[in-house]
Structures are given as structure tokens and as C-alpha cells.
Amino acid sequence: MSKTKDRIRSSQLGYRHELGQNFIYDEALLDALAEASGVGAEDDVLEIGPGMGTLTQALCRRARRVRAVELDARLIPLLSAYLEQYPNFSLVQGDVMQTDLAELTAPLEKPFSVVANIPYYITTPLITRLLSCGLPMKSLSLMVQREVADKLLSGPGQEGWGPLAIRCQYLCEPRLALEVPAACFTPPPKVDSAFVVMPLRATPAVQPLDEAAFFRVVGAAFSLRRKTLVNALCATLRLEHAEGATLAAAAGLPEKVRGEQLSLADFARLSDAYTHYCEKSE
């Protein structure tokens with residue numbers, strides 16, 4: 001039995017399935033994950049969901065500073081004791097979905113890196129929150145369901161292509177770093193996982209006139225996946241059919257095309273057409 005498992009056993013703490021607690025104890029795998037994150041001696045790290053601190057320890061050995069936020073208050077004393085030898089480590093108890101991210105990351109040099117082995121049920125809202133918070137980040141390295149990893153790496157016309165993949169690829173350059181079978185976790189989840197590394201781009205992949213309009217149009221295009229782009233735009237943005245068709249034509253898109261077939265460049269042209277439409281309508 002690993003030392004970390006011994007710590008859990010001696011503390012009489014059970015795994016909380018409602019918090020998605022699935023921990024990794026294999027030190028070689030933990031080192032590989034920390035290495036894949038690209039974190040180095042000049043980097044500050046925000047770790048989300050340190051759990052029992054096994055990946056945290058590997059990060060502390062590499063990074064200049066590691067600040068972790070953990071939801072489960074029961075784990076705080078164990079984490080503090082386990083990592084007390086690392087002066088570059090600090091710990092906050094709280095819910096990352098409710099915490100003020102600017103305040104949480106205030107002690108970190110910017111841009112900082114994010115590393116997380118998070119409950120799968122908050123993957124999409126957490127990624128969206130991180131990429132929408134406006135804080136300067138270097139990269140996101142996330143343990144996610146393999147299905148989510150496929151979605152993040154998908155392209156136009158593929159099943160996973162949608163608002164999450166578009167937001168990630170607009171701002172980041174996602175890549176699959178490691179596949180992590182369910183058997184690597186304790187307790188093992190019902191699905192395999194993947195470690196995805198997403199370095200932030202220096203500038204977005206495309207440059208729409210209005211970023212908010214870009215994401216509004218993306219959301220509208222996927223709001224009714226089985227409908228054509230024009231019908232989806234009209235239903236969501238409250239346009240007449242002729243207006244929706246005019247926007248598609250202005251972007252050089254066929255009237256019968258579906259949103260899932262559009263590339264980032266297509267969406268940029270479409271959102272620019274929508275921006276011009278809104279300006280004329282004021």
C-alpha cells in the first residue's frame with residue numbers, strides 16, 4: 001500500500017464520490033504529469049483540487065510557487081502536514097467555482113499556470129470560467145474524461161466540435177499529453193481519462209471585431225444543432241430569416257450550412273457581419 005493510501009486509511013477519511021474524488025498514487029505517473037504540464041523553476045502555479053497532495057508535491061519540486069485550492073475541508077490538515085517541507089506551497093480551502101480568482105491568485109507572479117485534477121462534472125464550467133476570467137495565464141493542464149479531451153481537440157464537422165472546443169482553440173493550443181486509464185486512479189472511475197495541456201496563445205487564433213459578439217454567434221450557431229445555421233441564428237438572435245440569410249451571405253457561407261461545419265475563421269467572418277448588423281440597427 002502506498003504512503004498516501006496509508007494516510008487516508010489512518011485518518012479514517014473515506015473518498016467522497018459526490019466530489020469526484022479519484023486520486024493517483026503512482027509516483028512515476030505523477031512525475032510524468034508534472035513534466036507534461038511544462039511547469040519549470042520560473043513558473044507560479046495554481047493547482048485546483050490537490051486532493052491528497054501527490055501531484056502537488058511533484059509540482060512543488062519543479063515550480064517557483066504553488067498555490068492550491070481544495071474544496072474538501074477534511075483534507076486541509078492532511079495537505080498542510082504532507083507538504084509542510086515545501087516553503088513554496090500555500091493552501092486555500094474553498095470552491096474554485098465561487099472563489100474570487102483575482103484574489104486567489106494575487107500572490108502568484110503573472111502569467112501563472114493552472115494544473116488541475118478536477119471532478120469531471122465541473123470540467124466545462126471550470127474551463128469556461130478560467131478562460132473568461134481575464135487573468136493572465138501561461139497554460140492550463142487538466143485531467144479530464146477522455147471523451148472531453150476528444151471534444152477539446154475536435155475540429156469542424158466532428159461530433160465534439162462546439163462552443164467549448166471553439167473557446168479553447170480560440171485562446172489556446174490544446175494537445176493530448178497523456179492517456180490515463182481508469183485503473184491508474186483510486187477508486188477507479190467508470191471512464192478513462194486524459195491529461196490535456198493547453199498553452200495560451202499570444203493572440204487569439206482569429207481576430208473578430210467584437211469578441212463578445214463572436215462568442216454570442218458561436219453559442220447561437222450551436223443552440224439548435226440539427227437546424228441550419230440561418231435557422232439557429234434567427235431563433236437565438238431574434239432575426240428574421242432574410243436577416244439571417246444576409247449575415248451568412250456576408251460571411252461567404254451557404255444558406256443551408258450547419259453551425260457544426262464552420263471553422264474559427266468562418267465564425268470570425270460571421271460575427272463581424274453580425275457586429276456590422278448590430279451597429280446599423282442602433
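The values are calculated or read from the model by the stated rules, or taken from the named source; none is laboratory data. Worth saying up front: this structure is predicted, and the values here are computed from it rather than measured. FYI the Cβ positions are ideal-geometry reconstructions off the backbone, even for glycines, and counts take in every protein chain you see.
Checking each residue in the range 104-139 for being in a loop (DSSP other than H, G, I, E, B) and touching a residue at least 24 places away in the same chain (Cβ under 8 Å) picks out THR105, PRO107, LEU108, GLU109, LYS110, PRO111, ILE118, PRO119, CYS133, LEU135, PRO136. What about ALA273, is it surrounded by fewer than 18 Cβ atoms within 10 Å (Cβ to Cβ) and assigned by TED's automatic domain parsing to the domain that holds GLY219? Judged against the criteria, ALA273 is not a match. Residues in the range 60-107 that are within 27 Å of ALA28 (Cβ to Cβ), within 19 Å of the chain's Cα centre (by Cα) and not basic (Lys, Arg): VAL66, ALA68, VAL69, GLU70. Answer yes or no: is there a residue in the range 114-136 that is small (Gly, Ala, Ser), under 25 Å from CYS60 (Cα atoms), touching a strand residue (DSSP E or B) at 6+ places or on another chain (Cβ under 8 Å) and at pLDDT 95 or above. So far as the range 114-136 goes, no, none of its residues is small (Gly, Ala, Ser), under 25 Å from CYS60 (Cα atoms), touching a strand residue (DSSP E or B) at 6+ places or on another chain (Cβ under 8 Å) and at pLDDT 95 or above.
Residues of the range 203-225 that are closer than 17 Å to GLY134 by Cβ, free of Cβ contacts under 8 Å to residues at least 60 places away in the same chain and in contact with a helix residue (DSSP H, G or I) (Cβ under 8 Å, 6 or more places away or on another chain): PRO204, PHE214, PHE215. Return yes when LEU59 is at pLDDT 85 or above, in contact with a strand residue (DSSP E or B) (Cβ under 7 Å, 6 or more places away or on another chain), more than 18 Å from GLN85 (Cα to Cα) and not in a loop (DSSP other than H, G, I, E, B) and no when it is not. It is false that LEU59 is at pLDDT 85 or above, in contact with a strand residue (DSSP E or B) (Cβ under 7 Å, 6 or more places away or on another chain), more than 18 Å from GLN85 (Cα to Cα) and not in a loop (DSSP other than H, G, I, E, B).
Beta carbons closer than 9 Å, at least 6 apart along the sequence or on distinct chains, pair a first residue in the range 237-253 that is at pLDDT 95 or above with a second that is exposed (fewer than 13 other Cβ atoms within 10 Å of the Cβ) and part of a loop (DSSP other than H, G, I, E, B) for ALA248/PRO254.
Scanning the range 175-182 for any residue that is part of a strand (DSSP E or B) and not hydrophobic (A, V, I, L, M, F, W, C) turns up at least one such residue. Within the range 151-163, the set of residues being under 13 Å from the mean Cα position of the chain (by Cα) and surrounded by fewer than 20 Cβ atoms within 10 Å (Cβ to Cβ) comprises LEU153, PRO163. Scanning the range 31-54 for residues that are in contact (Cβ under 8 Å) with a residue 24 or more places away in the chain, in contact with a Lys or Arg (Cβ under 7 Å, 6 or more places away or on another chain) and farther than 23 Å from LEU131 by Cα returns a single hit, MET52.
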